[in-house]
Amino acid sequence: MNAPLLSVRHLSKTFQRRGHKVVAVDDVSFTLQAGETWALVGESGSGKSTTGRTLLGLTPATGGEVLFNGVSLFQQSAAQWRSVRKDIQMIFQDPLSSLDPKRSIGYSLEEPLIIHGIKNRQRAVAEMLTQVGLNAEDARRYPHEFSGGQRQRIGIARALILRPKLIVCDEPVSALDVSIQSQILNLLMNLQREYGLAYLFISHDLNVVRHIADKVGVMQHGKIVEQGESEQIFARPAHPYTRYLLEAILPAHPPGMDARRIAVNG
C-alpha cells in the first residue's frame, strides 16, 4: 500500500470554558489514502467537526501531529500553509458561511484563483459551475438568489476549483432535504471518480455514511472508539456505542442515491 495522503497522529484539542478544561478531541489517530473516503461519525458534540477544523489549522491543536503527503502541517509557516491550502479544501454545512453575500458567485469562485496566481480564471469558473450542475451564466448572480442545494453546489465548486487532493466535508448534506441530499452525494462521488479526490467526510448520519465511505471512524466524547472498513463497521460493529448508533438508522438509502462503491486509488 502507498504512503497515506493524510496521517493524523494523537491529535488533541482542549478548550477552557468557565474555568474548566473541556477535552473536545482526545488522542485521535487515523490515516487516509489518496482517492479514499474516510468518514468520521458521531452524535452532536462528539468532537468530529472540531477534529476536522483542528487538523486543517483553523483551530490550533493542543497536541499531536498531522502529516499531509509526509509533511507536518503544524510546523508550516503562514506562507507555507497558503501553499498547502491549495491541496486541502473544505466544504461547510452552511455554504453561506464561506460566501460573501455582497459578492457575485463568480467573484467568490475566482478569489482562490487570484490568491494563487492562476490565469484564465473566468473560463475556469464557467467550467466549474457547469461541472457541478449549474450554468456558466450563474457567475453573475448572488448567494441569496440560489436554493440551499444550489448553494451547496457552489460551495463544492469553490472547494474544487483549485484541484485539491483532499476535501474535508463537514456535514455537507445535513441541512438539505433527503432528495437533494442524494443529488449532492452523487455529485461528490462523481467528482471523486473524475479527479481522484480524497474525502474526510464528517457526518452524524450513518445512512449517508454507509453509501459514501470506504472507511469509518466512530467518535464519542472526543475519542475514536472504533474504526475500520465501512462494510465491517456496519455488518459487525464491535463497540457498544457503534451498535447504539446503528440501531437508530433506517436500512434503506435515501431515494435516488447512487449506492455504488468508489474504488480506492493507491
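The values are calculated or read from the model by the stated rules, or taken from the named source; none is laboratory data. From a predicted model like this one, the values you see are computed outputs, not experimental measurements. Neighbour counts are summed over all protein chains in view; Cβ atoms, including those assigned to glycine, are modelled from backbone coordinates with ideal geometry.
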Practice task
Could you tell me which of the residues Arg121, Arg158, Arg153, Arg141 is basic (Lys, Arg), outside the structural domain of Ser83 (by TED's automatic domain parsing) and in contact (Cβ under 8 Å) with a residue 40 or more places away in the chain?
Solution key: Arg158
Problem - Odd one out for Leu206, checked against (1) touching a strand residue (DSSP E or B) at 6+ places or on another chain (Cβ under 7 Å); (2) modelled with pLDDT under 95; (3) within 18 Å of Tyr107 (Cα to Cα) - result: (3)
Handout entry: Residues satisfying the stated conditions in segment 185-240, i.e. within 21 Å of Gln152 (Cβ to Cβ), touching a helix residue (DSSP H, G or I) at 6+ places or on another chain (Cβ under 7 Å) and part of a loop (DSSP other than H, G, I, E, B)
Key = Leu197, Ala213
Problem - Pairs with Cβ under 7 Å, 6+ apart, first in segment 47-65 and touching a residue at least 12 places away in the same chain (Cβ under 8 Å), second assigned to a helix (DSSP H, G or I) - result: Gly57/Leu73; Gly57/Trp81; Thr59/Thr50; Thr59/Arg53; Ala61/Thr54; Ala61/Phe74; Glu65/Phe74
Problem - Considering residues of segment 32-84 that are crowded, with 21+ Cβ neighbours inside 10 Å and charged (D, E, K, R) only, the residue farthest from Arg243 (Cα to Cα) - result: Glu36
Completion exercise
Log entry, pairs with first residue in segment 1-21 being assigned by TED's automatic domain parsing to the domain that holds Gly63 and farther than 15 Å from Leu73 by Cα, second being assigned to a strand (DSSP E or B) and aliphatic (A, V, I, L, M), beta carbons closer than 7 Å, six or more apart or on different chains, reads Lys13/Ala24; Lys13/Val25; Thr14/Val22; Thr14/Val23; Thr14/Ala24; Phe15/Val22; Phe15/Ala24
Practice task
State which residue is surrounded by the most Cβ atoms within 10 Å (Cβ to Cβ) when the search covers only segment 90-121 and only residues that are in contact with a strand residue (DSSP E or B) (Cβ under 9 Å, 6 or more places away or on another chain) and not in a helix (DSSP H, G or I).
Solution key: Ile91
Completion exercise
Scanning segment 140-184 for residues that are among the acidic types (Asp, Glu) and in a loop (DSSP other than H, G, I, E, B), the one farthest from Arg103 (Cα to Cα) turns out to be Asp177
